[in-house]
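The values are calculated or read from the model by the stated rules, or taken from the named source; none is laboratory data. Since this is a predicted model, take the numbers as computed values, not measurements. Cβ: placed from backbone, ideal geometry, glycine included. Neighbour counts: every protein chain shown. Surface areas here come from the heavy atoms of the whole protein model, side chains and all, with no ligands, DNA or RNA. Shrake-Rupley method; radii C 1.70, N 1.55, O 1.52, S 1.80 Å.
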Amino acid sequence: MLQQTTVAAVRGYFLAFVERWPTVRDLASAEDEDVMAAWAGLGYYARARNLLKCARRVADELDGKFPSTRADLQDLPGIGPYTSAAIASIAFDQPETVVDGNVERVMSRLCCVEEPLPNSKPELTRLAEGLTPNARAGDYAQAVMDLGATVCTPRNPACGICPLVSRCVARERGIAQELPRKIRKPAKPIRNGVAYVVQRADGALLVETRPPEGLLGGMLGWPTTDWGERPPPAPPIDADWQSLGAEVRHTFTHFHLRLSIRVARVSDRAVPERGRFMPWDEFDASALPTVMRKVHDLALPLPDAADLGQSVATEAD
Ligand code: SF4
């Protein structure tokens with residue numbers, strides 16, 4: 001959960017998660033949708049899918065026991081160089097080196113590495129490996145990560161209370177705050193799309209579980225068009241669509257998304273071309289990923305037809 005996310009954002013999710021699935025076998029036997037719903041709002045949903053795959057491998061093929069070496073850990077779904085080093089050192093006290101953004105920052109300042117990231121990554125990893133002790137490597141890994149998170153912070157590092165101040169080269173040269181340098185990333189492109197919110201007369205809402213692979217894979221959401229420069233309309237059901245006149249904006253890792261919203265009411269007999277109607281009392285907005293929850297918050301309760309603009313001829317979008 002902590003990859004790409006802060007402890008503050010994760011704490012509530014983590015506690016609820018381990019209370020519901022306290023062991024790897026409990027998680028392995030969980031339903032996919034329940035795990036995805038418990039992850040909703042945390043982002044980077046491939047992590048949840050991989051966590052589930054990993055739990056099933058450990059439960060089914062490894063008798064419920066995690067391997068303890070970095071190489072064997074990396075053989076499991078979703079566990080790469082960073083996570084394998086973290087588990088091996090913190091859980092099994094192996095002398096492996098954990099390198100996250102905090103560690104890179106501390107190393108770049110301590111040793112005054114001026115080459116920008118990401119080119120400097122191999123050098124920063126080598127420096128971090130050189131400092132990793134054989135004994136208590138897990139404590140050491142957590143100490144350096146915490147130092148980066150709380151003392152050697154991106155802006156205004158608290159060098160006055162830093163236990164490494166006497167050997168910190170960037171501090172001595174007065175450029176600590178400028179490091180690590182980073183190559184400027186190109187601006188993210190903007191993609192557009194339409195989200196369709198449909199309610200039946202009995203209150204049921206039309207929802208869709210997204211395909212297992214890809215962005216928001218396996219998550220519950222509203223039917224949408226593809227997301228692109230000017231995607232063609234793709235209404236999921238025949239209806240008198242109204243434009244909500246509002247737009248959801250959301251930023252993913254590689255692009256900004258602008259989703260306009262179309263809403264419609266349909267009869268209890270209406271049959272969707274895709275998706276399924278979920279009864280109102282089963283619908284839980286907290287199971288939606290953030291972008292879909294933003295659509296929910298804007299669209300529901302559906303406004304009266306009189307408050308909406310003109311009907312939208314979807315072919316002309
Ligand atoms: Fe970071 Fe300052 Fe400590 Fe150097 S002395 S490691 S710049 S907090």
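Please give me the summed charge of the neighbours of F255: other residues whose Cβ is under 14 Å from its Cβ, Lys and Arg +1, Asp and Glu -1. Around F255, the charge tally is +3.
Each peptide in 36-48, 208-220 was scored by the mean count of other Cβ atoms within 10 Å over its residues; highest first, the order is 36-48, 208-220.
Working note: Karplus 6.51/-1.76/1.60 with θ = phi - 60° gives segment 112-121 the couplings 6, 8, 8, 5, x, 6, x, 4, 7, 3 Hz, where Gly and Pro are set to x. Under 14 Å between alpha carbons, and skipping anything fewer than 8 positions from K188 in its own chain: which aspartates and glutamates qualify? The reachable aspartates and glutamates, counting only those whose Cα sits under 14 Å from K188, are E229.
Expressed as a whole percent, the accessible surface of the chain that belongs to carbon and sulfur atoms is 51, based on a 1.4 Å probe.
Place the peptides 96-103, 263-270, 9-16 in order of packing, highest mean first, counting for every residue the other Cβ atoms within 10 Å and averaging per peptide.
Values: 96-103: 20.9, 263-270: 15.2, 9-16: 12.8.
Per-residue mean Cβ counts within 10 Å order the peptides as 96-103, 263-270, 9-16.
Each Cα pair under 8 Å and six or more residues apart adds its sequence gap; the mean of these over the residue count of the chain is a relative contact order of 16 percent. With θ taken as phi - 60° and the Karplus curve 6.51 cos²θ - 1.76 cosθ + 1.60 applied, the whole-hertz 3J(HN,Hα) list for segment 74-91 is 5, 6, 8, x, x, 10, x, x, 5, 5, 5, 5, 5, 5, 4, 7, 7, 8 Hz, x standing for glycine and proline. So for the chain: antiparallel DSSP bridges make up what percent, rounded to the nearest 5? Given both bridge residues lie in the chain, the antiparallel proportion sits at roughly 55 percent. So what is the calculated 222 nm ellipticity per residue for the chain, using -39500 (n - 2.57) for each DSSP H run with n of 4 or more, over all residues, to the nearest 500 deg cm²/dmol? Helix-only estimate at 222 nm: -9500 deg cm²/dmol.
Accessible surface calculations at 1.4 Å, restricted to protein heavy atoms, place segment 7-178 at 54 Å² per residue. First measure r as the distance between the Cβ atoms of I183 and F14, then evaluate 1/(1 + (r/R0)^6) with R0 = 45 Å and state the FRET efficiency to the nearest 0.05. Given R0 = 45 Å and the Cβ-Cβ separation, E is 0.85. A 1.4 Å probe run over the protein chains yields, for segment 196-275, 48 Å² of accessible area per residue, whole-number rounding. In the chain the Cα-Cα distances spread across 20 Å bins starting at 0 as 26, 46, 25, 3 percent of all pairs. Rg/Rh, computed from the Cα trace of segment 190-316 with Rh as the Kirkwood radius, has the value 0.93. Would you please give the FRET efficiency between E213 and S166, computed as 1/(1 + (r/R0)^6) with r the Cβ-Cβ distance and R0 = 35 Å, to the nearest 0.05? Efficiency, from the Cβ-Cβ distance: 0.10. The value obtained for segment 7-178, namely the Cα convex hull volume divided by the number of residues, is 131 Å³ per residue.
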